[in-house]
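Peer 1: My structure is below; once you've seen it, I'll send some questions.
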Amino acid sequence: MHALIVVAHPDRGSLSHGVAGHVGEGVSLSGPGNSFEIADLAAEGFDPRFTEADLAVHRREVLLPADIAAEQVRIDRADALVLVYPVYWWSMPALLKGWIDRVFANGWAYDEGPDKPMVKRLGHLPVHLVAIGGASLRTYARHGYFGAMKTQIDHGIFDYCGAPVVTSELLLGSGQDDPAKHLAAARAIGGTLFKAFRPTAAQVAA
């Protein structure tokens, strides 16, 4: 089994990168043959801008550009998708959102058009979300931030494509007091990645 771990943080020494690496470590230790790949969007120079060319792809007027086709292939060969990201303004960073905007394209993540019903195409792909925030749990609870994030990201993005969100974790405090606690949690997530979800026949067909 193979996991694609996508991390969106410009500092390779950040807790986000540490968490991504420990998720991968957990995957490797979870069983013989289990593997992972880390997609470091910042280091790879991924362009998150949704341009007129991307709109043409959405309208099915042109073929996918090579960079987006490569990202879709990378996801297609994964048995699980893990997104690790810092919380910026109570959501994911623009780099990661732009990756989703461009990669989760019409015709691949879903099918829709004026003359046919909407079809969700990612029912076979379990998604694991690991967000890292600097505020306290009390702040998130008082303002409903985590609920808003789950509505926007878990439901608004992944349910739209049919991809089941198996893990939706929020690691708070940015690990300033005890980063080892967050790294251990990340390793545990990786260790159970392939035990948490088995797609149905309908989801595989999607």
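The values are calculated or read from the model by the stated rules, or taken from the named source; none is laboratory data. Predicted model, so just to flag it, every value in this text is computed and none were measured. Note: ideal-geometry Cβ built from the backbone for every residue, glycine included; neighbour counts use all protein chains shown. Please note that ligands, DNA and RNA were not included when accessible areas were found on the heavy atoms of the full protein model with its side chains. Shrake-Rupley method; radii C 1.70, N 1.55, O 1.52, S 1.80 Å.
Peer 1: Report the longest stretch of the chain that contains none of the trypsin sites (Lys or Arg not before Pro) sitting in a DSSP loop with at most 16 other Cβ atoms within 10 Å. Don't jump to the answer; show the numbers that get you there.
Peer 2: Values: sites that count: R12, R49, R59, R60, R77, K195.
The answer is 78-194.
Peer 1: Based on the Kirkwood radius over alpha-carbon pairs, what value in µm²/s does the Stokes-Einstein equation return for the translational diffusion coefficient of the stretch 63-122 at 4 °C and 1.567 mPa s?
Peer 2: Result for D is 98 µm²/s.
Peer 1: Sticking with this structure for a sec: In 5 Å bins starting at zero, report the fraction of Cα pairs in the stretch 1-113 per bin as a rounded %.
Peer 2: 2, 11, 21, 21, 18, 14, 8, 4, 1
Peer 1: If you take every DSSP beta bridge whose two residues both sit in the chain, what share of them, in percent to the nearest 5, is antiparallel? Write down the numbers at each step before the final one.
Peer 2: Details: 4 of 29 bridges.
About 15 percent, rounded to the nearest 5.
Peer 1: Accessible area per residue for the chain in Å², computed with a 1.4 Å probe and the full protein assembly in place, what is it?
Peer 2: 49 Å²
Peer 1: About its Cα centre, how strong a charge dipole does the chain have in debye, to the nearest 20, once Lys and Arg get +1 and Asp and Glu get -1 at the Cβ?
Peer 2: 540 debye
Peer 1: Here is a further query. In whole angstrom, and with the biggest value first, how far do the Cα coordinates of the stretch 113-168 range along each principal axis?
Peer 2: 46, 22, 12
Peer 1: Helix-only estimate, please: 222 nm mean residue ellipticity of the chain, summing -39500 (n - 2.57) across DSSP H runs of length 4 or more and dividing by its residues, to the nearest 500. All intermediate terms of the calculation are to be shown ahead of the outcome.
Peer 2: Values: 9 runs with 77 residues, N = 206.
Using -39500 (n - 2.57) per qualifying helix, the result is -10500 deg cm²/dmol.
Peer 1: Taking the convex hull of the Cα atoms, report for the chain its projected area averaged over all directions, in nm².
Peer 2: Mean projected area of the Cα convex hull: 12.1 nm².
Peer 1: For the chain, what does the relative contact order come out to in percent, with C-alpha contacts under 8 Å and a separation of six or more?
Peer 2: 28 percent
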